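The structure is given below, and queries will be raised subsequently.
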Amino acid sequence: MNGRLGVGFVGGGFITRFHVQSFVGIREADVRGVWSPDAGNAEQVVRLARDLDVGDCRAFRSIADMVADPAIDAIWICGPNHARIENVEEIVQAIESGRGTLRGLACEKPLARNLDEAIRVRDLAARVGLQTAYLEDQLFTPHVETGRSLLWARGAATTGRPYLARAAEEHSGPHTPWFWQGDLQGGGVLNDMMCHSALLVRHLLTRPGESLSTVRPVKVTGKIASLKWSRPAYAQRLRETMGKEVDYERRPSEDFASLTIEFETSDGERVLGEASTSWSYVGAGLRLSAELLGPEYSMQWNSLDSGLRVFFSRAVQGRAGEDLVEKQNAEIGLMPVVPAEAVVYGYEAENRHFARAFLGKEPARLTFDDGVGVVEVLMAAYQSAEEERTLALPVPDLQRFRPAVARGAWRP
Ligand SMILES: NC(=O)c1ccc[n+]([C@@H]2O[C@H](COP(=O)([O-])OP(=O)(O)OC[C@H]3O[C@@H](n4cnc5c(N)ncnc54)[C@H](O)[C@@H]3O)[C@@H](O)[C@H]2O)c1
């Protein structure tokens, strides 16, 4: 292994391309493989890895072949949510049948579509003794890391722990059809993006160096709504751009969600997290924001306050693209630009950390146990929204719960 980690990717879409870009800043790992059922996607990833010189990457014919190759030490699962179980089963079967070994398995958010599947993913990985990494990039953004460290070191150390954290992730809607389909994705924007914000508020409220278990979620209040995409003109636009399977007049998913989480801390205090998330936000592009507040201090982060703006007059015939910011909505006027998005959104620090963790150089900060914990909060939030009441954790029978959105039974 030569002290370096060879990484293979399952799935060759949007997030894999982001991960590959981040490897430019990682000294301990190389991109060595990719498998995707779409050979064109896999080839794009191979070309990107070679162009960026981040590893001698090749496309594999199957996930099992990738596990079997000694160049691959760890796999990053970046397929669609509905393929999680089959992807992890193929990895585990390849290991159990003696075809190959791995040092670790990392999985994109959410760990799975519901609690039952998330527990299966965790248990499958445990069955073959794999180290695991739950990929939640927002905990690793340089802004969050720096702000959180400063507030805890200066403000909390002298005036008391923070009592309120807020986080939001908002954009104008996902890029491929399966995200919009409740059965395939597991829900709507709550499942897709609240996983970030729900964990981020908990992380901000947790003293650096301490475990997330010192800030335990005890009550959740969720709200979901279809604000934009079930309006007839927008439902029609979705059918035209995403295909007839995406029918928001008959089977909508929520495009807005809010969540309040009450936490109990290990020192006996009650603190609050407020998170909201949206596919119906139309601004320059993706907006991530976070706040942390305590008795004598506060911090705030908004990813669109990037420090760089460009202006294009109406004479500039702007071609639609995402060269200024992820999920860009416009090309003219005064526009914020987010340079080095793979760094700003946390992918670089995330992948550096998990590569080092799998090499035994530091303990993993997030494992599949944390991914299961996030899914538990998300499912409780859906149930709370459906029942229009606050729920105490643990919610009985949550493992059997499937959101109405995922069952195609939600009528907003
Ligand atoms: N951390 C983040 O901010 C972030 C951002 C986007 C996506 N994600 C997560 O990453 C995962 C992938 O999302 P994406 O945006 O790359 O999606 P995408 O639709 O852009 O790409 C999905 C890829 O998976 C491949 N695929 C299709 N069927 C598959 C199967 N059965 N097994 C494995 N791969 C298969 C597709 O060919 C494609 O290459 C999702 O779980 C999503 O929630 C995370």
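Would you mind working out the magnitude of the charge dipole of the stretch 326-401 relative to its Cα centre, with +1 at each Lys and Arg C-beta and -1 at each Asp and Glu C-beta, to the nearest 20 Debye?
Values: 7 positive and 13 negative charges, 65 e Å.
The calculation lands at about 320 debye.
Rounded to the nearest Å, what's the spacing between the alpha carbon centres of the stretch 388-407 and the stretch 3-79? Just the number, please.
36 Å
What list do you get for HIS353, HIS82 if you sort them by fewest beta carbons within 10 Å?
On the way: HIS353 21, HIS82 16.
Starting with the residue having the fewest Cβ neighbours, the order is HIS82, HIS353.
I've got another one for you. Testing the spin-label approximation: label points 7 Å from Cα along Cα→Cβ at GLU386 and LEU164. State their distance in nm.
3.1 nm
Right, next: Among the trypsin sites (Lys or Arg not before Pro) in the stretch 334-395, which ones are in a DSSP loop with at most 15 other Cβ atoms within 10 Å of the Cβ? Mind listing them?
LYS361, ARG389
Counting other C-beta atoms within 10 Å, which of ASP247, ASP137, ASP369, ASP397 has the fewest, and how do the rest follow?
So the ranking, lowest neighbour count to highest, is ASP397, ASP369, ASP247, ASP137.
Past 31 Å, Cα to Cα: identify those pairs from LYS327/LYS361; LYS219/LYS244; LYS223/LYS327, in the order given.
LYS327/LYS361; LYS219/LYS244
Counting only C-alpha contacts under 8 Å and six or more residues apart, can you give the relative contact order of the chain as a whole percent?
After rounding, I find 20 percent.
Sum up the charges of everything whose Cβ sits under 13 Å from the Cβ of GLU348, counting Lys and Arg as +1 and Asp and Glu as -1, but leave GLU348 out.
Net local charge, GLU348 excluded: -2.
Does anything in the stretch 179-216 have its amide N under 15 Å from the 7 Å Cα→Cβ label point of LEU227, and if so which residues?
189-190, 193-194, by backbone N distance to the label point.
Can you put MET193, MET335 in order of Cβ neighbours within 10 angstrom, beginning with the fewest?
Working: MET193 25, MET335 20.
Least crowded to most crowded, the residues run MET335, MET193.
Another one. Among LEU105, PHE14, CYS78, which residue has its Cα furthest toward the positive end of the charge dipole of the stretch 5-109, with +1 on Lys/Arg Cβ and -1 on Asp/Glu Cβ?
Of the listed residues, the answer is PHE14.
Also: With +1 on the Cβ of every Lys and Arg and -1 on the Cβ of every Asp and Glu, and nothing else charged, how large is the dipole of the chain about its Cα centre, in debye rounded to the nearest 20?
With only Lys, Arg, Asp and Glu charged at Cβ, the dipole is about 320 debye.
Within the stretch 225-240, whose backbone N sits under 14 Å from a point 7 Å along Cα→Cβ of VAL282?
227-238
Here, each number is a calculation from the coordinates, and none is a lab measurement. Nothing here was measured: the structure is a model prediction, and the numbers come from that model. Note: ideal-geometry Cβ built from the backbone for every residue, glycine included; neighbour counts use all protein chains shown.
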